[in-house]
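J.: I'd like to ask some things about the structure below.
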Number of protein chains: 2
Amino acid sequence: MTTYALKTPYLVFLGDAEDLLMAKVAKGIAYWRPEKCLAQMRLENAKADLNLPDMSIREAAEAGAKTFILGLAPTGGTLPQQWIPLLIEAMEAGMDIASGLHVHLNDIDDLVMVAKRTGRRLLDVRTPPQTLKCGNGRPRSGKRLLTVGSDCCVGKMFTALAIHKEMEKRNISATFRATGQTGILIEGAGVPVDAVISDFTAGSVEQLCPANDQHHWDIIEGQGSLFHPAYAGVSLGLLHGAQADVIILCHEVGRTQMDDLEGYPVLDFDSLIKTNLELGGLTKPNIRLGGIALNTSMLNEQQALTEIAYYQNKYKVPVVDPVRTGVAAIVDELEK
Amino acid sequence: MTTYALKTPYLVFLGDAEDLLMAKVAKGIAYWRPEKCLAQMRLENAKADLNLPDMSIREAAEAGAKTFILGLAPTGGTLPQQWIPLLIEAMEAGMDIASGLHVHLNDIDDLVMVAKRTGRRLLDVRTPPQTLKCGNGRPRSGKRLLTVGSDCCVGKMFTALAIHKEMEKRNISATFRATGQTGILIEGAGVPVDAVISDFTAGSVEQLCPANDQHHWDIIEGQGSLFHPAYAGVSLGLLHGAQADVIILCHEVGRTQMDDLEGYPVLDFDSLIKTNLELGGLTKPNIRLGGIALNTSMLNEQQALTEIAYYQNKYKVPVVDPVRTGVAAIVDELEK
């Protein structure tokens, strides 16, 4: 499979971001893969700070930086014109450019020309690989975990990254499998499942997490929700392609409306779990619920622990808040 | 929405097809839309025959042909080199070219050049419109029927076209909504849902069959099956985007294995109906089963009628074989 295979270490570009909300992707990379981040580069009026050494392009190149990361979400996803000379400078200094922007670097003639001349790569991580196949549903070896959601943006990527990190800490053989652009930039590899031609959705996930050693875990980032009126097809293709042994249900406590869509309340856990297991059972008959990950940030500590205890008692699986409690309880259960 | 809006009438090209199996799309167009077909054009050694007048490009152009239809499935989906001069001649004679081939006419420089010079269009109906949006799930007016399947290739397009034709015969306001390349070439408009970026699957269907007069029926061609390990995501996006009042379950009698995929038997009707209604209920709460369409071609007349009676008694909805019995019983029920 063609993945992005970003070269390390990175120079993480923060532009003129005023805070880390505007630099969410950069923040994710620095948080989850600090060992890959050599330095940050900030423009004069930037206020965001990843607590990485500040370097210029020249300094970073001399220190060995191999990829310039555009880890920002500028308004509208477009690329400010004044950044183009910086990208050219970075390529001339020996770096690839990796971007999660909506606008494709490969559509900008000036950049493509310099990339050709210098032999550098323009990596648009929203563009899926060109070598995708349709799914075949054939059983494959290795263990797989998929995070599924009650909605978009409820912590599916965060939970998967946290479980992967906990497994690494315990020397469990595991790979994080990214399915969205932020996850891909964090991991440096993956398939942007929501950008794949619909016929290839399940197939692209089969390619993303192929057969593996029987003790190896693929920890797969979920997308959307089976009950999202726009994206459920993506979630189902992902569920079928993953052939997950275990799903982890992710939810943000207090979320009642789905993706701000009027008339689409967030469903109860019973329905979410039942439907994911029933449909997932098509390609993995013994699929099971391995835990629930709650984002309890809107609750205080006591409320959060009460909420966690309630679901743990109800579903008899580990229930965690990856930020507040960590995910050790889930991995404990998987190790049994 | 950008649809293909093929100009009529058509010159249907049969190449050197030995039989109508090789010219399935052409056959479908001539069968379902004879009023749009001016003539057929066959190369010297062709044996297929649509029972249309034979014309050369010049003769057809003089008789008013506006679109040259490449309604063939050449081995590998590629375009034989010796056909390119014919396509150029057709454009120079005033026709657009519409193609359902895997190879894109718009990727062939010689054709693109002539299209520009003559102002003709190269219509690759496998290429989805560029103006797609994500779904929003908002309820919309008008009535919609979607054919759903137990598998691929079980008669979903045929059933939808037959119901549409029956409605036209009865002067019921109705539009056939094509979602695959054959359907698009037959109707001259549509969206190739399986070629859409997965994030836009449901949204593309919302655009395909927008809000309409409350008595108008959109008859939507289904794709795949919710239990197909490769394509279920497409089927679910289609189901959600369609907001169908009525689904018609399509099945080929005798099919036991799904799409020749080992380990994936065709599911029982109970599961198929229940899952389609449950999941479809997300965007259309009062979705209902409006009938069952069986392809009974492998049975004799008596066996077929017994089979039909069995399911009709079991599910208390009209059960038909669109070829053997017609679909009047389904439309009768919809008119009640």
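The values are calculated or read from the model by the stated rules, or taken from the named source; none is laboratory data. These numbers were taken from a predicted model, which means no experiment stands behind them. Here Cβ is always computed from backbone atoms with ideal geometry, including for glycine, and neighbour counts include all displayed protein chains.
J.: Restricting region B:102-153 to residues that are at pLDDT below 95 and in contact with a Lys or Arg (Cβ under 8 Å, 6 or more places away or on another chain), which is nearest to B:A178 (Cα to Cα)?
T.: B:H102
J.: Next question, about the same structure. So is B:E307 at pLDDT 95 or above, within 30 Å of B:G203 (Cα to Cα), charged (D, E, K, R) and surrounded by 13 or more Cβ atoms within 10 Å (Cβ to Cβ) or not? Lay out the reasoning, then the answer.
T.: Values: at pLDDT 95 or above: yes; within 30 Å of B:G203 (Cα to Cα): no; charged (D, E, K, R): yes; surrounded by 13 or more Cβ atoms within 10 Å (Cβ to Cβ): yes.
Against the criterion (at pLDDT 95 or above, within 30 Å of B:G203 (Cα to Cα), charged (D, E, K, R) and surrounded by 13 or more Cβ atoms within 10 Å (Cβ to Cβ)), B:E307 does not qualify.
J.: Only one of (1) of a type outside the set (V, I, T); (2) at pLDDT below 95; (3) touching a strand residue (DSSP E or B) at 6+ places or on another chain (Cβ under 6 Å) fails for B:A39. Which number is that?
T.: Condition not satisfied by B:A39: (2).
J.: OK, next. Name the helices (runs of 4 or more DSSP H) wholly within region B:1-102 that hold at least 1 residues that are touching a helix residue (DSSP H, G or I) at 6+ places or on another chain (Cβ under 8 Å) and more than 23 Å from B:P128 (Cβ to Cβ)? Steps first, please.
T.: Details: elements: B:24-32, B:57-62, B:84-92.
Counting at least 1 such residues, we get B:57-62, B:84-92.
J.: Would you mind finding the one in A:G263, A:G254, A:G291 that is more than 19 Å from A:V317 (Cα to Cα), away from every other protein chain (no Cβ under 14 Å), out of contact with any His (no Cβ under 6 Å at 6 or more places or on another chain) and not polar (S, T, N, Q)? Before the answer, list the steps.
T.: On the way: A:G263 fails: away from every other protein chain (no Cβ under 14 Å); A:G291 fails: more than 19 Å from A:V317 (Cα to Cα).
Only one candidate qualifies: A:G254.
J.: Within region B:44-62, track down each residue that is more than 22 Å from the chain's Cα centre (by Cα), more than 11 Å from B:L11 (Cβ to Cβ) and either hydrophobic (A, V, I, L, M, F, W, C) or buried (at least 19 other Cβ atoms within 10 Å of the Cβ) (or both).
T.: B:A46
J.: In region B:216-234, which residues are of a type in the set (A, V, I, L, M, F, W, C) and within 9 Å of chain A (Cβ to nearest Cβ)?
T.: So in region B:216-234, the residues of a type in the set (A, V, I, L, M, F, W, C) come out as B:217, B:219-220, B:226-227, B:230, B:232, B:234.
Those that are of a type in the set (A, V, I, L, M, F, W, C) and within 9 Å of chain A (Cβ to nearest Cβ): B:L226, B:F227, B:A230, B:A232, B:V234.
J.: On to the next question. Tell me whether region A:312-319 contains one or more residues that are without any contact (Cβ under 8 Å) to a residue 60 or more places away in the chain, among the β-branched types (V, I, T) and part of a helix (DSSP H, G or I).
T.: Within region A:312-319, the subset without any contact (Cβ under 8 Å) to a residue 60 or more places away in the chain is A:312-319.
Filter again for among the β-branched types (V, I, T), leaving A:317, A:319.
Those still in the list that are part of a helix (DSSP H, G or I) too: none.
No.
J.: Of all residues being assigned to a helix (DSSP H, G or I) and more than 10 Å from every other protein chain (Cβ to nearest Cβ) in region A:275-288, which is surrounded by the fewest Cβ atoms within 10 Å (Cβ to Cβ)? Just the residue, please.
T.: The extreme case among them is A:L277.
J.: Quick check on region A:125-145: of everything there that is out of contact with any strand residue (DSSP E or B) (no Cβ under 7 Å at 6 or more places or on another chain) and charged (D, E, K, R), which residue is nearest to the other protein chains (Cβ to nearest Cβ)?
T.: A:R138
J.: In region B:150-174, what residues are of a type outside the set (V, I, T) and either part of a loop (DSSP other than H, G, I, E, B) or in contact with a Leu (Cβ under 6 Å, 6 or more places away or on another chain) (or both)? Give the derivation first.
T.: Here is the first cut: in region B:150-174, the ones of a type outside the set (V, I, T) are B:150-153, B:155-158, B:160-162, B:164-171, B:173-174.
The answer is B:S150, B:D151, B:C152, B:C153, B:G155, B:R170, B:N171, B:S173.
J.: Another question, if that's okay. Can you pull out every residue in region B:195-233 that is part of a helix (DSSP H, G or I) and surrounded by fewer than 23 Cβ atoms within 10 Å (Cβ to Cβ)? Give the derivation first.
T.: Of region B:195-233, the ones part of a helix (DSSP H, G or I) are B:195, B:198-208, B:232-233.
Answer for region B:195-233, where residues must be part of a helix (DSSP H, G or I) and surrounded by fewer than 23 Cβ atoms within 10 Å (Cβ to Cβ): B:A195, B:Q207.
J.: Can I ask one more? Given the conditions (1) surrounded by fewer than 16 Cβ atoms within 10 Å (Cβ to Cβ); (2) under 17 Å from the mean Cα position of the chain (by Cα); (3) at pLDDT below 90; (4) not charged (D, E, K, R), and given that B:P34 satisfies all but one, which numbered condition is not satisfied?
T.: Here B:P34 meets the rest and fails (3).
J.: Checking the conditions here, which among B:K336, B:K316 is basic (K, R) and modelled with pLDDT under 95? Steps first, answer last, please.
T.: Working: B:K316 fails: modelled with pLDDT under 95.
Answer to the selection: B:K336.
J.: Scan region B:47-72 and report the pairs whose first residue is more than 14 Å from B:M95 (Cα to Cα) and whose second residue is aromatic (F, W, Y), with Cβ atoms within less than 9 Å and a gap of 6+ or a chain change.
T.: B:L50/B:Y31; B:G71/B:Y10; B:G71/B:F13; B:L72/B:F13
J.: Checking A:L208 against (1) more than 9 Å from chain B (Cβ to nearest Cβ); (2) more than 15 Å from the chain's Cα centre (by Cα), which single condition isn't satisfied?
T.: (2)
J.: Considering only region A:258-274, I want to know if a residue exists there that is within 17 Å of the chain's Cα centre (by Cα), touching a residue at least 12 places away in the same chain (Cβ under 8 Å) and not in a helix (DSSP H, G or I). Please lay out each step first, then the result.
T.: Of the residues in region A:258-274, the ones within 17 Å of the chain's Cα centre (by Cα) are none.
Checked against the condition, which is being within 17 Å of the chain's Cα centre (by Cα), touching a residue at least 12 places away in the same chain (Cβ under 8 Å) and not in a helix (DSSP H, G or I), region A:258-274 yields no hits at all.
J.: Here is a further query. If a residue has to be within 14 Å of chain A (Cβ to nearest Cβ) and part of a helix (DSSP H, G or I) to count, how many in region B:175-194 make the cut?
T.: Going through region B:175-194 one residue at a time, the tally reaches 3.
J.: For region B:238-266, which positions are in contact with a Pro (Cβ under 6 Å, 6 or more places away or on another chain) and among the acidic types (D, E)?
T.: Of everything in region B:238-266, nothing turns out to be in contact with a Pro (Cβ under 6 Å, 6 or more places away or on another chain) and among the acidic types (D, E).
J.: Scan region A:288-304 residue by residue and report those that are out of contact with any Asp or Glu (no Cβ under 9 Å at 6 or more places or on another chain) and of a type outside the set (V, I, T).
T.: Initially, region A:288-304 is screened for residues out of contact with any Asp or Glu (no Cβ under 9 Å at 6 or more places or on another chain), giving A:289, A:292, A:300-303.
Passing the criteria: A:L289, A:N300, A:E301, A:Q302, A:Q303.
J.: I've got another one for you. Would you point out which residue out of B:V331, B:V323 is more than 14 Å from every other protein chain (Cβ to nearest Cβ), within 29 Å of B:R138 (Cβ to Cβ) and of a type outside the set (D, E, K, R)?
T.: Working: B:V323 fails: within 29 Å of B:R138 (Cβ to Cβ).
Exactly one residue qualifies, and that residue is B:V331.
J.: Now for a different question. Every residue in region A:111-149 that is charged (D, E, K, R), in a loop (DSSP other than H, G, I, E, B) and either in contact with a helix residue (DSSP H, G or I) (Cβ under 7 Å, 6 or more places away or on another chain) or free of Cβ contacts under 8 Å to residues at least 40 places away in the same chain (or both), please. Quick ask: steps written out before the conclusion?
T.: Keep residues of region A:111-149 that are charged (D, E, K, R), which gives A:116-117, A:120-121, A:124, A:126, A:133, A:138, A:140, A:143-144.
With in a loop (DSSP other than H, G, I, E, B) added as a condition, the list becomes A:120-121, A:126, A:133, A:138, A:140.
A:R120, A:R121, A:R126, A:K133, A:R138 - these are the residues of region A:111-149 that are charged (D, E, K, R), in a loop (DSSP other than H, G, I, E, B) and either in contact with a helix residue (DSSP H, G or I) (Cβ under 7 Å, 6 or more places away or on another chain) or free of Cβ contacts under 8 Å to residues at least 40 places away in the same chain (or both).
J.: Quick one: is A:I172 buried (at least 24 other Cβ atoms within 10 Å of the Cβ), modelled with pLDDT of 95 or more, on the phi < 0 side of the Ramachandran plot and not charged (D, E, K, R)?
T.: On the way: buried (at least 24 other Cβ atoms within 10 Å of the Cβ): no; modelled with pLDDT of 95 or more: yes; on the phi < 0 side of the Ramachandran plot: yes; not charged (D, E, K, R): yes.
No.
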